[in-house]
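**Q** A single structure is presented below for examination.
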Amino acid sequence: MSHVHILGIGGTFMAGLALIAREAGYRVTGQDQPLYPPMSEVLARAGIDVETGYTPSPSAEAADEVIIGNALGRGNPAVEAILAMRRDYTSGPAWLARHILHDRWVIAVAGTHGKTTTAAMLAWMLESAGLAPGFLIGGRPANFDVPARLGQAPFFVIEADEYDTAFFDKRAKFVHFRPRTLVLNNLEFDHADIYPDLAAIERQFHHLIRTVPGNGSLVVNGDEPALERVLATGCWTDRVVFGRHPDHPWRLDGTAGAWQLGQHPLPLPQPGAHNAMNAAAATLAARHVGVAIENATEALADFRGVARRLELRGEVNDIRVVDDFAHHPTAIAATLEALRTAAPDRRLVAVVEPRSNTMREGVHADRLGGSLQKADRIHLLADPSLDWDVRAAVADLGSRARVADGLDALVAGIMQDTRPGDTIAVMSNGAFGGIHERLIEGLTRQTQDNAQ
């Protein structure tokens, strides 16, 4: 049994890779910083041994190959040990491509927003059609017990991330996957820690399109100017274009609860126009691999979503706490629009942590206030390490917006500002200090105290 050791095994991609490698018959070990649920539980259930910390490990020394996550770089003790020992090492995307994807029909979902939800929808459509696909999804899809699995040949659904591959390979992850079916959902500037501007990301998407064969398919959001620019630089594959514009071959039309793709009703369990776009992309990608639209949309009606995407974490005294991964102004606005549309009579309280590398650098500071317009009340965390002024960024929102310099003050402010009938939308791409649990516990105590 070949042995692989994974440095940075706790990330969503690397943990999924570990599950697939284990299922494929490899012995898998790994290292990371202290892990927390759900990935700690996922790896434990799979029987994968994980060491805490990056002290040079005997498991790494004994492994046939070491896979190094893109969060690790020079100076990390485990990385330095691998280099000094001249061990065979590779990146996660390269290992996956060489050992798993090389003979699969890869269906990749790319774009700045919606990759996880669209990939999860697509995997469920293929599963419902009896195709038992493999998949690697950067989240926890509620229709499956695991975020990744080997599945049966030929189909493999993967979330195709444009983030860089590893410290020794600065290409985007997705250029390794060589999809036959490629979804291009949208494209905006993000990952400012990696790319200097949108043009640099567009170049990576052009490289991705170069890997799609002529007998494949591109499922393209035709409403996105950046994607049009990418396609103009070269395209060798037939494209299926969808979007809201009436001239698109596959027009998406409708409002909450009544969406339609072309002539086909599009059931949408999750609210929001952005989820309608995700569903349209997934439906058309499923169609390319042989799933009839009627069957795909029937499966969509049973889609149960993904953790941290409009996920209801709890409800106390008619106050709902919703968790969402939104961390870019476009995603924040889409999340709030979805919640507003789904429950127009409820007061909407937005809670935001500017945590992503792009937000921390202040790249989208001038768009932050505009993205929060749908909220009735707004609470933001201003981490002391930020070098831009969060208060100034939301000054136009007036008294609706409150900024706290620490988590305790933030939670206290939200508690004081919340009343029955509110929906609290917590938005961050991190754990946010366990704020969801703190709010639910605080609201429960408050309700109990008021009842006495």
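The values are calculated or read from the model by the stated rules, or taken from the named source; none is laboratory data. Please read these numbers as outputs of a predicted model, since none were measured by experiment. Neighbour counts are summed over all protein chains in view; Cβ atoms, including those assigned to glycine, are modelled from backbone coordinates with ideal geometry. Accessible surface is based on the protein model in full, side chains and every heavy atom, while ligands, DNA and RNA are left aside. Shrake-Rupley method; radii C 1.70, N 1.55, O 1.52, S 1.80 Å.
**Q** Find the relative contact order for the chain and round it to a whole percent, using C-alpha pairs within less than 8 Å whose residues are 6+ positions apart. List each step's numbers first, then the result.
**A** Numbers: 933 pairs, mean separation 51.0, N = 452.
After rounding, I find 11 percent.
**Q** Right, another one. State, to one decimal in nm, how far the label point of SER399 lies from the label point of ALA342, with both points 7 Å from Cα in the Cβ direction.
**A** Each label point is offset 7 Å from its Cα along the Cβ direction, giving 3.0 nm.
**Q** Going out from 0 in 10 Å bins, what whole percent of all Cα-Cα distances in segment 347-452 drops into each bin?
**A** Per 10 Å bin, starting at zero, the Cα-Cα P(r) for segment 347-452 comes out as 14, 49, 29, 7, 1 percent.
**Q** Follow-up question, since we're still on this one. Taking every pair of alpha-carbon atoms in the chain, what share in percent sits in each 20 Å bin, from 0 to the bin with the longest distance?
**A** Going out from 0 Å in 20 Å bins, the chain shows 24, 57, 19, 0 percent.
**Q** Taking amide H positions as placed 1.01 Å from N in the peptide plane, with prolines and chain starts having none, which residues 5 or more places from HIS379, or on another chain, fall under 5 Å of its amide H?
**A** The list, which skips near neighbours in sequence, is ALA350, VAL351, VAL352, ARG402.
**Q** Another one. Distance in nm between label sites at ASP88 and GLN263, each 7 Å beyond Cα in the beta-carbon direction?
**A** 5.5
**Q** A further question follows. Sort all Cα-Cα distances of segment 164-262 into consecutive 10 angstrom bins from zero, then give the percent of pairs in each bin up to the one containing the longest distance.
**A** 15, 42, 29, 12, 1
**Q** Could you pull out the GluC sites (Glu not before Pro) across segment 306-372 that fall in loop regions by DSSP (anything but H, G, I, E, B) with no more than 16 other Cβ atoms inside 10 Å?
**A** Working: sites: GLU311, GLU315, GLU337, GLU361; in loops: GLU361.
Sparse-neighbourhood loop GluC sites (Glu not before Pro): GLU361.
**Q** Still on this structure, please answer the following. For ARG229 and ALA412 in the same chain, what is the full-extension length gain: residue separation times 0.36 nm, less their Cα-Cα distance, in nm? Don't skip to the end; give the middle numbers.
**A** Numbers: separation 183, 0.36 × 183 = 65.88 nm, distance 4.66 nm.
Contour length minus Cα-Cα distance gives 61.2 nm.
**Q** For segment 83-190, what log10 I(q)/I(0) values come out of the Debye formula at q = 0.15, 0.22 1/Å, with one point per alpha carbon and no solvent?
**A** So the normalised log intensities work out to -0.63, -1.21.
**Q** Same structure again: Output the Cα-based Rg and Dmax of segment 243-369 in Å, rounding Rg to one decimal and Dmax to a whole number.
**A** 16.5, 47
**Q** Here's something else I'd like to know. Normalise the Cα radius of gyration of segment 356-411 by 2.2 N^0.38 Å (N = residues in it) and let me know the number. Mind showing how you got there, number by number?
**A** Values: Rg = 10.8 Å, N = 56, 2.2 N^0.38 = 10.2 Å.
Ratio of Cα Rg to 2.2 N^0.38 Å: 1.07.
**Q** Within the P(r) computed for segment 284-324, what percentage of the Cα pairs occupies the region above 15 Å? Spell out each step's value before the answer.
**A** Details: 482 of 820 pairs.
Tail of P(r) above 15 Å: 59 percent of Cα pairs.
**Q** Between ARG210 and ASP193, what is 0.36 nm times their sequence separation minus the Cα-Cα distance? Round to one decimal in nm.
**A** Numbers: separation 17, 0.36 × 17 = 6.12 nm, distance 2.49 nm.
This chain segment gains 3.6 nm when fully extended.
**Q** I've got another one for you. What percent do you get for the relative contact order of segment 1-106 when only Cα pairs under 8 Å and 6+ apart count? Can you show the working numbers first?
**A** Values: 161 pairs, mean separation 30.2, N = 106.
RCO, segment 1-106: 28 percent.
**Q** Averaged over every viewing direction, what's the projected area of the C-alpha convex hull for segment 331-382? Give it in nm², one decimal, please.
**A** Details: hull surface 13.7 nm².
Directional mean of the projected Cα hull area for segment 331-382 stands at 3.4 nm².
**Q** For the pair ASN450 and ALA200, how long in nm is the line joining their label points, each one 7 Å along Cα→Cβ?
**A** Computed distance between label sites ASN450 and ALA200 equals 4.9 nm.
**Q** Using a probe of 1.4 angstrom, how much of the accessible area of segment 28-183 is carbon and sulfur, in percent? Mind dumping the intermediate values first?
**A** Values: 2860 of 5950 Å².
Carbon with sulfur: 48 percent of the solvent-accessible area.
**Q** Let me ask something else. I need the trypsin sites (Lys or Arg not before Pro) found in segment 43-138, filtered to DSSP loop residues with at most 15 other beta carbons within 10 Å of theirs. Mind showing how you got there, number by number?
**A** Details: sites: ARG45, ARG74, ARG86, ARG87, ARG98, ARG104, LYS115; in loops: ARG74, ARG86, ARG87, ARG104.
The qualifying sites are ARG74, ARG86.
**Q** May I pose another question? Would you grab the residues whose amide H sits under 5 Å from the one on TRP105? Only those 5+ places off in sequence or on another chain, please, with H modelled 1.01 Å from N.
**A** PHE155, PHE156
**Q** Another question, if that's okay. Run the helix sum for the chain: -39,500 (n - 2.57) per DSSP H stretch of 4+ residues, divided by residue count, reported at 222 nm to the nearest 500 deg cm²/dmol.
**A** Values: 16 runs with 157 residues, N = 452.
Value at 222 nm, helices only, nearest 500: -10000 deg cm²/dmol.
**Q** Amide H neighbours of ALA46 under 5 Å, counting only residues 5+ apart in sequence or on other chains, H built in-plane at 1.01 Å?
**A** none
**Q** Sticking with this structure for a sec: With the Cα gyration tensor of segment 17-64 in hand, give its eigenvalues times 5 under a square root as the equivalent ellipsoid semi-axes, listed largest first in whole angstrom. All intermediate terms of the calculation are to be shown ahead of the outcome.
**A** Working: eigenvalues 58, 51, 8 Å².
Taking √(5λ) for each eigenvalue gives 17, 16, 6 Å, largest first.
**Q** If you rank VAL220, VAL241 by how much accessible surface each has, with a 1.4 Å probe, what is the order from largest down?
**A** Working: VAL220 0, VAL241 30 Å².
From most exposed to least exposed: VAL241, VAL220.
**Q** Now for a different question. Would you work out the charge dipole size for the chain about its Cα centre, treating the Cβ of every Lys and Arg as +1 and the Cβ of every Asp and Glu as -1, and quote it to the nearest 20 debye? Intermediate results must be reported in sequence, preceding the final value.
**A** Working: 42 positive and 54 negative charges, 125 e Å.
I would put it at about 600 debye.
**Q** OK, next. Can you give the percent of C-alpha pairs in segment 127-212 whose distance is more than 16 Å?
**A** Values: 2192 of 3655 pairs.
Summing the P(r) of segment 127-212 above 16 Å gives 60 percent of all pairs.
**Q** At a Förster distance of 25 Å, what's the computed FRET efficiency of ARG304 paired with ALA24, Cβ-Cβ distance as r, to 0.05?
**A** On the way: r = 27 Å, r/R0 = 1.09.
Efficiency, from the Cβ-Cβ distance: 0.40.
**Q** Taking the Cβ-Cβ separation of ASN143 and ASP253 as r and a Förster radius of 35 Å, what is the calculated FRET efficiency to the nearest 0.05?
**A** Numbers: r = 26 Å, r/R0 = 0.75.
The computed FRET efficiency comes out at 0.85.
**Q** May I ask for the distance between the Cα centers of segment 380-452 and segment 186-233, given as a whole number of Å?
**A** Centre-to-centre distance over Cα atoms comes out at 36 Å.
**Q** Right, something else. Using the Kirkwood radius built from alpha carbon pairs, what does the Stokes-Einstein equation give as D for segment 3-124 at 37 °C and 0.692 mPa s, in µm² per second? Before the final figure, lay out the partial values.
**A** On the way: Rh = 15.1 Å.
Rounded to a whole number, D works out at 218 µm²/s.
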